[in-house]
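Here the structure is laid out as structure tokens; the discussion comes afterwards.
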Amino acid sequence: MFEISVSDNGTGIPKNKHDEIFETFKQVDSTIARSYGGTGLGLAIVKKFVEMHGGEIRVESEVGKGSTFTFTIPIDSDTLLFN
């Protein structure tokens with residue numbers, strides 16, 4: 001497996017929203033007065049690409065402390081560019 005993690009020190013995501021953020025057009029804060037823009041497509045697209053390659057994506061997050069997104073995809077050692 002190949003694993004990549006990306007972390008931030010943003011506002012964090014409540015545990016009850018972890019599954020929702022990977023759905024199309026879903027955002028943690030969907031109110032009209034939200035602080036951040038976006039369409040809610042980014043994580044849904046990433047999840048689709050990862051799953052198309054037989055992988056999985058997960059999030060670890062704590063409100064006020066940021067988030068870490070990790071995805072794993074299977075690799076075939078015969079196709080690696082750097083053995």
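The values are calculated or read from the model by the stated rules, or taken from the named source; none is laboratory data. If you're wondering where the values come from, they're calculated on a predicted model, not measured in any experiment. Each accessible area value is taken on the protein alone, full model and side chains, heavy atoms only, with ligands, DNA and RNA left out. Shrake-Rupley method; radii C 1.70, N 1.55, O 1.52, S 1.80 Å.
Among the residues of region 1-23 satisfying the criterion of being open to solvent by 80 Å² or more (accessible area, probe 1.4 Å) and hydroxyl-bearing (Ser, Thr, Tyr), which is farthest from Leu43 (Cα to Cα)?
Step by step, filter region 1-23, then rank; the result is Thr11.
Filter region 53-83 for residues that are modelled with pLDDT of 85 or more and among the hydroxyl-bearing types (Ser, Thr, Tyr) and give the result. Spell out the reasoning first.
Restricting attention to region 53-83, the residues satisfying the condition of being modelled with pLDDT of 85 or more are 53-75.
Result: Ser61, Ser67, Thr68, Thr70, Thr72.
Output the residues belonging to region 47-70 that are more than 17 Å from Met1 (Cα to Cα) and not hydroxyl-bearing (Ser, Thr, Tyr).
Those that are more than 17 Å from Met1 (Cα to Cα) and not hydroxyl-bearing (Ser, Thr, Tyr): Lys48, Val59, Glu60, Glu62, Val63, Gly64, Lys65, Gly66.
Take the residues in region 17-48 that are among the charged types (D, E, K, R) and modelled with pLDDT under 60, then tell me which one is nearest to Glu60 (Cα to Cα).
My answer is Asp29.
So, in region 44-73, how many residues would count as being open to solvent by 80 Å² or more (accessible area, probe 1.4 Å) and of a type in the set (Phe, Trp, Tyr)? Steps first, answer last, please.
Let us first name the residues in region 44-73 that are open to solvent by 80 Å² or more (accessible area, probe 1.4 Å), namely 45, 48-49, 51-53, 56, 58, 60, 62-63, 65.
With the extra rule that they be of a type in the set (Phe, Trp, Tyr), the set shrinks to 49.
Looking only at that region, the number is 1.
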